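Heads up, the thing below is written out as structure tokens.
Just so you know, all these numbers are worked out from the coordinates, no wet-lab data involved. The structure displayed is predicted, hence computed values, not measured ones. Cβ placement follows ideal geometry from the backbone for every residue including glycine, while neighbour counts extend to all protein chains displayed.
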Amino acid sequence: MYICACLGLRRGELCGLRWSDVDLEHQAITIENTRTQASKKEIEKGTKTASSTRTLYLPDTLCDMLKAAKEHQQACRAEYKNAYDDNDYVVVMEDGKPFRPNYLSELFSKFLADNDLPKIVLHELRHTFASLSNQAGIPAYNIGKALGHSTPATTPKIYTHLLDQTHTRAVEGVAAIADEARRKAGKEYLLQLAKALIDEIRVWDPMKFGDCNEYTEEIQSIGGRLEPHTDAAALGNMLYETFRASFGTRSFRCTPEECEAVAERVFEKVQR
């Protein structure tokens with residue numbers, strides 16, 4: 001999703017993207033293949049038009065995401081061994097098999113529904129890119145170049161394998177807006193998580209103090225370690241280790257399982 005929103009790729013361009021098209025060292029990505037679906041048959045071919053073949057700048061956030069994805073694929077390759085579908089595609093499943101384009105759209109729709117987000121189709125992230133580029137003050141002509149639109153003034157020779165600074169400006173403009181939105185969303189989420197944690201500890205009252213203020217030090221310690229990716233298991237472990245260290249094993253008698261149950265109730269509150 002981040003690739004489509006940050007670079008304005010078509011679904012077929014995303015599905016056809018190969019690691020050989022990605023230059024992480026120079027933060028560039030070349031769009032020259034597409035993989036589409038006709039009924040149950042998958043078709044791989046070149047880009048939609050000559051001007052659709054383009055090289056785009058990779059912003060730092062997206063570059064880091066791709067590096068992490070590549071490392072994850074290498075770990076999966078080691079785990080699956082001979083059962084791993086060893087191809088060069090960027091967007092693949094755990095066993096290395098590339099996603100069917102239609103299935104990728106279904107997963108996107110499910111993500112939106114699960115998170116109570118407006119219903120759109122995957123291709124509309126391309127429209128999002130255009131809208132955010134415009135919001136960032138990028139001229140319409142430059143946006144069209146980044147999207148790979150053909151115009152009377154362009155020729156295949158100009159935009160094939162060319163890392164143009166106008167592409168960089170458009171992509172960086174979108175990335176800056178997206179990164180700020182992610183930071184704000186992450187901050188708001190952590191505030192909600194911390195509040196739910198305090199409320200749950202007040203009800204839980206593991207040491208039977210009858211006053212949540214008695215746990216201020218422990219709450220601050222745990223709150224300072226919360227991250228957007230923290231899950232119930234990690235939070236449960238934080239609760240167990242922090243309270244055990246503060247009050248000692250003789251006084252703090254809750255089990256790791258009880259702490260994880262408390263953490264699960266915290267996440268249930270946030271999700272509601």
In nm, give the distance between the simple-model label positions of Arg253 and Ser105, each being 7 Å from the Cα along the Cα-to-Cβ direction.
6.0
Karplus-derived HN-Hα couplings along the stretch 96-107 (A = 6.51, B = -1.76, C = 1.60, θ = phi - 60°), whole Hz, x at Gly and Pro
x, 6, x, 5, 5, x, 5, 5, 4, 5, 5, 5
If each part is reduced to its alpha-carbon centroid, the stretch 201-222 and the stretch 1-22 end up apart, in Å, by 47
Under a plain spin-label model, where a point goes 7 Å from the Cα along Cα-to-Cβ, how far apart in nm are Ala176 and Ser39?
5.0
Filter the cross-link list Lys40/Lys97; Lys70/Lys97; Lys45/Lys97; Lys97/Lys119; Lys41/Lys97 down to pairs whose alpha-carbon distance in this structure exceeds 22 Å.
Lys97/Lys119
Derived scalar couplings ³J(HN,Hα) [the stretch 174-181; Karplus, 6.51 cos²θ - 1.76 cosθ + 1.60; whole Hz; x for Gly, Pro]
5, 4, 5, 5, 5, 5, 5, 5
Classify the stretch 1-120 as rounded, prolate or oblate from the Cα gyration tensor: take a ≥ b ≥ c as the square roots of its eigenvalues, call it rounded if a/c is under 1.5, otherwise prolate when a/b beats b/c and oblate if not.
rounded
Estimated inter-spin distance, Leu24 and Ile198, nm [label 7 Å along Cα→Cβ]:
4.1
Summing +1 per Lys or Arg and -1 per Asp or Glu among the other residues with Cβ less than 10 Å from Leu122's Cβ gives +1
